[in-house]
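The structure appears below as structure tokens.
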Amino acid sequence: MTVDETIRQVLVEHGRLAVPVESLADDTDLFGAGMTSHASVNVMLALEDAFDLEFPEKMLKKSTFESIGAIRSAVTEMTDG
Amino acid sequence: MIATEAPPTTTMTHAGSVATRMAVVADEVAGPAAADVDARGRFPTETVEALRAEGLLAALVPTASGGGGATLAEVSEGLVALGKRCASSAMVVAMHHIQVACLVRHGSSPLLRDYLRELSEHQYLLASATTEVGTGGDVRSSICALDVADGRFRVEKQAPVISYADDADAVLVTARRTADSPESDQVIVLCRPPGLELEQVGEWNALGFRGTCSTGFVLRATGDADAVLSEPYSDISTRTMLPVAHLLWSSVWLGIATDAVELARRFVQAEARRKPGTMPAASVRLAQTAVVHQQFVDMVHSSLARFAEADADSDRLSSIGFGVGMNALKVSASTLVVDIVRECMLICGLASYRLDSPFSLGRHLRDGMGAALMVNNDRIMANNAQMLLVHRGE
């Protein structure tokens, strides 16, 4: 799976969104799409497992998980770094 | 709200610090009225009127907007003083200041800026409607939604609790942003007469904090759409409402505990005077209780300092570590208040158990027991448990 496919799969399983994940654009606000802060924690944990990484403290904020694009940037930054 | 009685007078005239003036109102007005407020479960009108007369309801509003320009630490100190004399009054005032803080820090529209000036001029009292029937006590989700059209909003909310709503000049209400928004996509809106209608549901006949008049209401409101705070409620909650609430509530509960310790100390001192040279039986327990009370004092002070430091750093204020710490404050403070009152009851013995004794601690215990329940500590611990799953340490 590509990075984007993996992110979308995690959102399907843990995002508890009010809309289908397929309908989300790269910059759709996930919190606006119904992701609660509780769900975002599960999304984050699942992302860490899927990509075998650990988000550092500075990335543990709402903006890191606000869209698929934002998540990809964070994941890419860590896997490339 | 127009006063229906002659405003109570205090010995002050806008002189002294905010904390000092709140303490005078506590001693001269709130204290003498406390037993009646508690017995009748009535709103502490005279206390709020006295604070209003002193301009203290706008203590947190910047001076540029006509307010007192006080720091949170000053208001906290004033709430400790008020909590010592009448915890119901102190809770009302704390809840009001929490709402004011949200408006000061997040009310950016011209309408809301103007409202702050109006609040300062008329010394409005603000209430809050965050809980909703059907959400199971989760304030971070709403069922009701704003209906915005032609620059006007309309909302109807089934609120299981709006404390002192009948005596407030406006209510800050949480709701979904639009009818299509998910439950977690909330905003907060300022609702005020004449566009505010409140239909009371039930009565408030509770064990403690009886003067907060925390009855349920069906709230119907309409108004200018600019009365909606532009930032998401989730951000306002994380950055202001939750930390400020936990700081100010803890200050009230510290006031309850402080008064209990002062009564216990006087009780032991009276024993010592009767038999000089003999240590009163409860003197060591008093010393132990004073240690715990000091922890409580220092915890509130250090938490105020932590908030002030984090406030200068946007990322820190919304960090997991800060949130966990502010939740820990609420859980600790609400536990300590009951622990301390219970110890003080052991010190004072039956004199504290009697309702007609000068050492009675009945109201302290009843009020203190509410602290762990108003936003239940178990819910807060569940939130912290989840945040700790991803916390990386400071």
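At-a-glance table
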{"quantity": "Whether region B:155-198 is rounded, prolate or oblate, judged on the alpha carbon gyration tensor where a/c under 1.5 counts as rounded", "calculated": "prolate"}
{"quantity": "Cα-based helix-to-principal-axis angle, A:37-51 vs chain A, degrees rounded to 10", "calculated": "50"}
{"quantity": "Charge dipole (chain B, unit charges on Cβ, about Cα centre) - positive-most of B:325, B:243, B:122", "calculated": "B:325"}
{"quantity": "Net dipole in debye of region B:239-364 [+1 Lys, Arg Cβ; -1 Asp, Glu Cβ; about Cα centre; nearest 20]", "calculated": "560"}
{"quantity": "Charge dipole of chain B about the Cα centre (unit charges at C-beta), most positive-ward option of B:188, B:81, B:17", "calculated": "B:81"}
{"quantity": "Shape call, region A:37-78: gyration tensor on alpha carbons, a/c limit 1.5", "calculated": "rounded"}
{"quantity": "Dimensionless Rg/Rh of region A:3-80 - Kirkwood Rh, Rg from C-alpha atoms", "calculated": "0.91"}
{"quantity": "Kirkwood hydrodynamic radius (C-alpha pairs) into Stokes-Einstein, the protein assembly as shown, 20 °C and 1.002 mPa s, D in µm²/s", "calculated": "90"}
{"quantity": "0 to 90° range, to nearest 10: angle between helix B:242-274 axis and chain B longest Cα axis", "calculated": "10"}
{"quantity": "Net charge of neighbours whose Cβ lies under 15 Å from the Cβ of residue A:22, counting Lys and Arg as +1 and Asp and Glu as -1", "calculated": "-3"}
{"quantity": "At q = 0.07, 0.10, 0.11 Å⁻¹, base-10 log of I(q)/I(0) for chain B (Debye sum, equal scatterers on each alpha carbon)", "calculated": "-0.32, -0.65, -0.78"}
{"quantity": "Cα-based equivalent ellipsoid of region B:233-388: semi-axis lengths in Å, sorted from largest, via gyration tensor", "calculated": "36, 15, 11"}
{"quantity": "Per-residue mean of C-beta atoms belonging to partner chains within 10 Å, peptide B:197-210", "calculated": "0"}
{"quantity": "Cα gyration tensor shape of region B:18-125, rounded if a/c is under 1.5, else prolate or oblate by comparing a/b with b/c", "calculated": "prolate"}
{"quantity": "Peptide-level mean, for B:183-189, of C-beta atoms on other protein chains within 10 Å", "calculated": "3"}
{"quantity": "Per-residue mean of C-beta atoms belonging to partner chains within 10 Å, peptide A:9-18", "calculated": "1"}
{"quantity": "Pairs of alpha carbons in region B:297-394 whose separation is greater than 19 Å (percent)", "calculated": "55"}
{"quantity": "Alpha-carbon radius of gyration plus Dmax, which is the widest Cα pair, for region B:127-227 in Å", "calculated": "13.2, 46"}
{"quantity": "For region B:171-225 versus region B:287-343, the gap between their alpha-carbon centres in whole angstrom", "calculated": "29"}
{"quantity": "Anchor residue A:62: lysines whose Cα lies under 25 Å away (excluding residues fewer than 8 positions away in-chain)", "calculated": "B:330"}
{"quantity": "With Cα atoms, 0 to 90° folded angle of helix B:377-388 axis to chain B main axis", "calculated": "70"}
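Computed from the coordinates by the stated procedures, all read-outs in this text should not be read as laboratory data. As the structure is a prediction and not an experimental result, all values here were calculated from the model. FYI the Cβ positions are ideal-geometry reconstructions off the backbone, even for glycines, and counts take in every protein chain you see.
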